[in-house]
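The values are calculated or read from the model by the stated rules, or taken from the named source; none is laboratory data. Source: prediction; values computed, not measured. Neighbour counts are summed over all protein chains in view; Cβ atoms, including those assigned to glycine, are modelled from backbone coordinates with ideal geometry.
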Amino acid sequence: MTSVGDLAAYRAVLASRMRSQRTYRFNFRLDLGSSLLVGIVELAEVAVLYTSVHRIGGLDLSAVLLVFGLADLTYSIADLAVGHCDTLPTYLRAGTIDVFYLRPQPLLLQLITSDISLRRLARAGVGLAALVVGLVVNDIDWTPGHVAVLLLAVPCGIAISAAMYVWAAGAQFFLVDGAEATNAFVYGGRYAATQPASVWARPLQALFGFLFPMAFTGYLPTVAVLGLSGPAWLPAWLAWCTPLAAGWVWLLALGSWRLGVRHYQGAGG
Amino acid sequence: MSEPIIETDALGRDFSVRDGLRRRTVVAVDDLSLRVEAGESVGYIGANGAGKSTTIKMLTGILVPTRGAARTCGLRPVADRRRLAREVGVVFGQRSQLWWDLSVRESFSILAAIHGLSPERERRRTDELVERLEVGEFLGTAVRQLSLGQRMRAEVAAALLHSPRLVILDEPTIGLDVLSKQRLREFLLAERAAHDTTLLLTTHDMGDVERLCDRVLLVDRGRLVFDGTLTGLSRTVGAQRVLVVDLAEPTPDLAIADTEHLGSEAGGLRQRLAFDPEHTTAARVLAAVTERVEVRDLAVEEPDVEDVVRRVYSARGR
């Protein structure tokens, strides 16, 4: 019964946010446009690399399109849904976070549902386009297994990316003015996810391969559906463990959030 | 007989503050034991940094106490935070809980959804608050475009939308003009009369305490130093009242028995005389003045919170 109430509250907030964003049509279009441009530039950045080399880390341009498409689409959707978690430092500084404590919903849910940035739809559009093209131009053997990997990859990719924001938000309770420190991981992870993980240096392998499993959002599903073997440290069969990776990173995220909230309340920790 | 709405037992809270390289512990609230019954209206006063906001945060589950325990509406504030949120409404004078880019009406309907009010209850309560707080004229206005007085009325309505049993107001009249203060106080009195709401307010404004509170709690350095009525508080510190007289012609400083001459303005046209209500009355002082000189106008000033607080503090040796 509480969850029904929570849902109604979420709907009310989101509906009003959407209305207010539509009120400023010109601004909104400008936002959409710039967001689209950023997406295209990032895609172009990947493509440009392939003008001088044919393969990077065992992937050709069409394969990398798939990596980019999966990673960027899932990340953009997560960004759309929970990206405003990075406004937490503003709430902390202004003390408006206290207001969240005075409402009968879980704090994290309130933060997540406090806004939605529709302009990020444009980014998701770029990711989706890259994914569709990637699925068409690659020679994919459409076995049930490959379809399953792809179907797993999208929701799990969104979950993994969303967890990155939540983890970072939890850390903000300690850092307050240190958003840059977490951004290095959040946005660094986003960028790394759109590249072939096989070329990552060793520290990156540990960081974005396993600690923050960004390799599971684009690279692993791609090598799995293309029938490639993947590097020794990240074999293609790991693509089946994507839900596990999502579970792990959410554990990390909720742990970080919980520690952060307890720190704010001064309950030790 | 019934359960108190606020009950604290030796409540205390420390903060660890970085002081250069070292960390030092600051005691914000200490050994606070109090009991507020349902339906009371309590003024919680003290200087800045006396521990008022920290106490409120512990009572509403925002902060975990370092020592002791608190129960608000019979619930444990931190553990039962979400249930407590349905029973308590909080107004922060300095912190908005509305959505700055939405209209007041939209903010209200989001809050109604957050508190899970039925459409019927939402409509009835919104109508009631809109009428009594005179919010109607700016219901469709975006919050960011409201004047401070309008915004405070909207904030109060927002905090009371779910009909909380306990309303906590942290500096509700700060920055408001006289008329807005007046309206807000009248509303709070009416709300209390209509719904038997318990009020706890922190304020620097004596008018708030005088008009709204039948009990005063005074904190100093985190400790409760007075619990009683405002008159009782003024009496314990011997707070003086001041008679201000406007005279018909410039007069040398008046020397009246049982009063202290505080000052003259405009060459003696206006004079200020302090007296202790324990020893004399305003009428007697006035009579003594009119015996000597014609009085055109007069006013009696009550001691203000700052003054009373200062006296209590200095009596305690700080």
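Okay, residues lined up against (1) part of a helix (DSSP H, G or I); (2) closer than 30 Å to B:Thr173 by Cβ:
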| position | (1), (2) |
| --- | --- |
| B:Glu249 | no, no |
| B:Ala274 | no, yes |
| B:Val285 | yes, no |
| B:Val289 | yes, no |
| B:Val300 | no, yes |
* How many of the residues in the range B:165-183 are buried (at least 22 other Cβ atoms within 10 Å of the Cβ), in a loop (DSSP other than H, G, I, E, B) and in contact with a strand residue (DSSP E or B) (Cβ under 7 Å, 6 or more places away or on another chain)? -> 1
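In the range A:4-42, which residue that is more than 11 Å from every other protein chain (Cβ to nearest Cβ) and among the aliphatic types (A, V, I, L, M) is nearest to B:Arg105 (Cα to Cα)?
Only one residue fits best here, namely A:Met18.
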* When residues of the range A:174-190 are limited to those that are in contact (Cβ under 8 Å) with a residue 60 or more places away in the chain and closer than 18 Å to A:Glu42 by Cα, the one nearest to the chain's Cα centre (by Cα) -> A:Arg190
* Would you mind finding the one in A:Ile97, A:Ile140 that is over 17 Å from A:Asp72 (Cα atoms), within 14 Å of chain B (Cβ to nearest Cβ) and touching a residue at least 40 places away in the same chain (Cβ under 8 Å)? => A:Ile97
* Asked: Are any of the residues in the range A:100-119 of a type in the set (Lys, Arg), surrounded by 17 or more Cβ atoms within 10 Å (Cβ to Cβ) and modelled with pLDDT under 90?
  -> yes
* Asked: With respect to the numbered conditions (1) surrounded by fewer than 19 Cβ atoms within 10 Å (Cβ to Cβ); (2) more than 23 Å from the chain's Cα centre (by Cα); (3) part of a helix (DSSP H, G or I), which one is the sole condition not fulfilled by B:Gly140?
  -> (3)
* To do: Kindly provide the set of residues from the range A:223-241 that are surrounded by fewer than 24 Cβ atoms within 10 Å (Cβ to Cβ) and touching a residue at least 24 places away in the same chain (Cβ under 8 Å), ordered by number.
  => A:Leu226, A:Gly227, A:Leu228, A:Gly230, A:Pro231, A:Trp233, A:Leu234, A:Trp240, A:Cys241
* To do: Scan A:Leu135, A:Leu207, A:Leu128, A:Leu220 and give me the residue that is under 30 Å from A:Ser256 (Cα atoms) and surrounded by fewer than 22 Cβ atoms within 10 Å (Cβ to Cβ).
  => A:Leu207
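Which residue, of A:Ala129, A:Ala122, is of a type in the set (A, V, I, L, M, F, W, C), in contact with a Gly (Cβ under 7 Å, 6 or more places away or on another chain), under 28 Å from A:Leu59 (Cβ atoms) and away from chain B (no Cβ under 13 Å)?
Numbers: A:Ala129 fails: in contact with a Gly (Cβ under 7 Å, 6 or more places away or on another chain).
The unique qualifying residue is A:Ala122.
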* To do: Report whether or not A:Ala63 is modelled with pLDDT under 80 and of a type outside the set (S, T, N, Q).
  => no
* Asked: Can you tell me which residues in the range B:55-69 are at negative phi and within 10 Å of chain A (Cβ to nearest Cβ)?
  -> B:Ile56, B:Lys57, B:Met58, B:Thr60, B:Ile62, B:Leu63, B:Val64, B:Pro65, B:Thr66
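Per-residue answers, yes or no, for (1) of a type in the set (Asp, Glu); (2) in contact (Cβ under 8 Å) with a residue 12 or more places away in the chain; (3) under 20 Å from A:Arg119 (Cβ atoms):
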| residue | (1), (2), (3) |
| --- | --- |
| A:Arg29 | no, no, yes |
| A:Leu37 | no, no, yes |
| A:Leu43 | no, yes, yes |
| A:Ala47 | no, yes, no |
| A:Ser52 | no, no, no |
| A:Arg55 | no, no, no |
| A:Leu61 | no, yes, no |
| A:Val67 | no, yes, no |
* Structure fact -> Exactly one of B:Leu233, B:Leu224 is part of a strand (DSSP E or B) and surrounded by 17 or more Cβ atoms within 10 Å (Cβ to Cβ), and that one is B:Leu224
* To do: Would you mention how many residues in the range B:70-95 are more than 7 Å from chain A (Cβ to nearest Cβ), farther than 18 Å from B:Pro4 by Cβ, under 24 Å from the mean Cα position of the chain (by Cα) and not in a strand (DSSP E or B)?
  => 2
* To do: Restrict the check to the range B:107-123 and report whether at least one residue is assigned to a loop (DSSP other than H, G, I, E, B), closer than 17 Å to B:Gln182 by Cα, modelled with pLDDT of 90 or more and among the hydrophobic types (A, V, I, L, M, F, W, C).
  => no
* Structure fact -> Picked from the range B:1-32 (must be hydrophobic (A, V, I, L, M, F, W, C) and more than 14 Å from chain A (Cβ to nearest Cβ)), the residue farthest from B:Met58 (Cα to Cα) is B:Leu21
* Just wondering, is there one or more residues in the range A:74-90 that are farther than 21 Å from A:Gln195 by Cα and either free of Cβ contacts under 8 Å to residues at least 12 places away in the same chain or touching a strand residue (DSSP E or B) at 6+ places or on another chain (Cβ under 9 Å) (or both)? -> yes
* **B:Glu128 being away from chain A (no Cβ under 11 Å), of a type in the set (Asp, Glu), more than 20 Å from A:Thr96 (Cβ to Cβ) and surrounded by fewer than 17 Cβ atoms within 10 Å (Cβ to Cβ)** => no
* Structure fact -> For the range A:228-269 the number of residues that are touching a helix residue (DSSP H, G or I) at 6+ places or on another chain (Cβ under 8 Å) and farther than 30 Å from B:Pro65 by Cβ is 18
* Asked: Restricting attention to the range A:225-259, which residues are within 21 Å of the chain's Cα centre (by Cα) and within 14 Å of chain B (Cβ to nearest Cβ)?
  -> A:Arg258
* **Flag if A:Val147 is β-branched (Val, Ile, Thr), more than 21 Å from A:Met18 (Cα to Cα) and touching a residue at least 24 places away in the same chain (Cβ under 8 Å)** => no
